[in-house]
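Taking it in order: structure first as structure tokens, then the write-up.
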Amino acid sequence: MTVPILALILLIHTWPLSPEGMQFVRKLLAIALVGAVTWILRRAALLAEATILSGKDLNRAGNFSGRALVTRVSVLRKIAMVLITVFAFAAVLMMFDEVRDIGRSILASAGIAGIILGLAAQ
């Protein structure tokens, strides 16, 4: 999905559009690119979770360390999913002049929250 969007961004200059139409298409393609990258990152987080938990024998009775690992990985995946989504939402908001300040504040608060969660996870 990302490669065709990048190709369209590169080929947009050859389209016979008015400047307003060109600006609309550019924003639309930029939003689509942010969405595609967000989808890739979310799938990567799910793949990382599955990879970490794949080689473990988690069904054995009394496997407390295995259950603790599942809990840690699940919490980290959920935190990563939230941060990825918030950063993507802020990036989309920053593309529009009317709400750019809201996007910046969301991005700054998500960065601070990410640092706090990272320290808490240690």
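The values are calculated or read from the model by the stated rules, or taken from the named source; none is laboratory data. Remember, predicted model here, so these are calculated numbers, not experimental data. Note that we place each Cβ from the backbone using ideal geometry, even for glycine, and neighbour counts take in every protein chain shown. Side chains are part of the model used for accessible areas, which takes the heavy atoms of the whole protein and leaves out ligands, DNA and RNA. Shrake-Rupley method; radii C 1.70, N 1.55, O 1.52, S 1.80 Å.
In whole percent, and with a 1.4 Å probe on the protein chains, what portion of the accessible area of the range 60-122 is carbon and sulfur?
70
For every helix of n ≥ 4 consecutive DSSP H residues, a contribution of -39,500 (n - 2.57) applies; sum these over the chain, divide by its total residues, and give [θ] at 222 nm rounded to the nearest 500 deg cm²/dmol.
Calculated at 222 nm, the ellipticity per residue is -28500 deg cm²/dmol.
Out of all Cα-Cα pairs in the chain, roughly what percent, to the nearest whole number, are more than 24 Å apart?
47
With a cut-off of 8 Å between alpha carbons and a minimum separation of six or more residues, what is the relative contact order of the chain in percent?
Reported relative contact order: 21 percent.
Given a 1.4 angstrom probe, what's the average accessible area per residue across the chain, in square angstrom?
Per-residue value: 70 Å².
Would you please give the FRET efficiency between Met95 and Leu117, computed as 1/(1 + (r/R0)^6) with r the Cβ-Cβ distance and R0 = 25 Å, to the nearest 0.05?
0.45
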